[in-house]
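A short write-up of the structure that comes next.
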Amino acid sequence: KTVYNANNIPVVITDIGIRSGKYITLIITDNQKGGESAGEYMAKIVDKGAKVITLDHAPTNDNGQTRQKGFEDKAKELGLNVLPEQPVAALTLDASRQAMEDLLVAEPDVKGVFAFNQLVLQGAYQALEAAGKQGQVKLVGFDLDPVSWQMVKDGKIDALVVQDPFRMGYEGMNIVLTKLTGGEVQEFVGLRTKLLTKEN
């Protein structure tokens, strides 16, 4: 607002929205639909009525909460027993592992865990492995890095909802150039996700 808006310099926002200030276009993943696809996949790999839960490391993060809502609403719709979220103290492997350890004590018959960040699932898997429960609790999450990609390939994480950051940047620059050369631009561009599994 103090630099770009004040000087009428066009701004394109990608990946995460803002709560104030003007921009010409927002390019963002459809986090609701991405969460729903995670819920749909979870319903395919656990029994109807199974207990599932979200490990929530960021209760004030808009993107994350939208992903969680998509997952939980779809999971309930498809007949799963969605438990109140399990808090994760911080976005670290240690905090995620501790949250999963606590969950296994409080809900030993939980069958599925969703997290809206892949690092949380990496920590959760460590706790499951230490407890000898790897494979007994299904792990579905959001986002990707080389470690979690390998964990999906190895069957340690069941699925990850994957965004398209390359397209965000590519479309963002196209929109900037279009605006600067006098063209019309869309105010909102929503991008779909893909589901990464061992099979694909």
Q. Just the accessible area for Arg167, please: 1.4 Å probe, Å², rounded to the nearest 10?
A. 100 Å²
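Arranged from highest to lowest average of other beta-carbon atoms within 10 Å per residue, in what order do the peptides 148-155, 28-35 appear? Working shown, then result.
Working: 148-155: 15.6, 28-35: 21.5.
Listed from highest to lowest mean packing, they are 28-35, 148-155.
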Q. Which value in nm describes the separation of the simple spin-label points at Val185 and Lys198, placed 7 Å from the Cα toward the beta carbon?
A. 4.4 nm
Q: Starting from the coordinates of the alpha-carbon atoms of the range 68-184, obtain the Kirkwood hydrodynamic radius over all distinct pairs and give the value in Å to one decimal.
A: 15.9 Å
Q.
So for the range 1-44, considering every pair of alpha-carbon atoms, how many percent are separated by more than 12 Å?
A. 67 percent
Q) Of the residues Gly123, Gly172, Gly132, which exhibits the maximal mean-square fluctuation in a Gaussian network model of the chain defined by a 10 Å Cα contact cut-off? A) Gly132
Q: For the range 1-102, count the residues as N, evaluate 2.2 N^0.38 Å, and divide the Cα radius of gyration by that value, please.
A: 1.39
Q: With a probe of 1.4 Å, find how much accessible area the range 25-182 has per residue, and write the answer as a whole number in Å².
A: 46 Å²
Q) Mean residue ellipticity at 222 nm from the helices of the chain, using -39,500 (n - 2.57) per DSSP H segment of n ≥ 4 over the full residue count, to the nearest 500 deg cm²/dmol? A) -13000 deg cm²/dmol
Q: May I ask for the angle, rounded to the nearest 10°, between helix 165-180 and the longest principal axis of the chain, with both axes built from Cα atoms and the value confined to 0 to 90°?
A: 10 degrees
Q. Listed highest first by mean packing, meaning other Cβ atoms within 10 Å per residue, what order do 14-26, 74-86 come in?
A. 74-86, 14-26
Q) Between Val105 and Lys76, what is the FRET efficiency for a Förster distance of 22 Å, r being their Cβ-Cβ separation, to the nearest 0.05? A) 0.35
Q.
Using only the Cα atoms of the chain, what semi-axes does the equivalent ellipsoid have when each is the square root of 5 times a gyration tensor eigenvalue? Give whole Å, largest first.
A. 36, 16, 15
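Rank by packing, highest mean first: peptides 135-143, 3-11, with packing defined as the count of other Cβ atoms within 10 Å averaged across residues.
Packing proxy ranking, top to bottom: 135-143, 3-11.
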Q. For the chain, what % of the accessible area comes from carbon and sulfur atoms, probe 1.4 Å?
A. 51 percent
Q | Potential extension, Ile24-Ala6 segment - 0.36 nm per residue separation minus Cα distance | A | 5.1 nm
(Q) Just to verify a number: FRET efficiency for Asp15 and Asp94, C-beta to C-beta distance, R0 = 30 Å, to 0.05? (A) 0.70
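The values are calculated or read from the model by the stated rules, or taken from the named source; none is laboratory data. Because the structure is a prediction, the values reported are computed rather than measured. Positions of Cβ are generated from backbone atoms using ideal geometry, with glycine treated the same way; all protein chains shown enter the neighbour counts. Note: areas computed on protein heavy atoms with side chains; ligands, DNA, RNA excluded. Shrake-Rupley method; radii C 1.70, N 1.55, O 1.52, S 1.80 Å.
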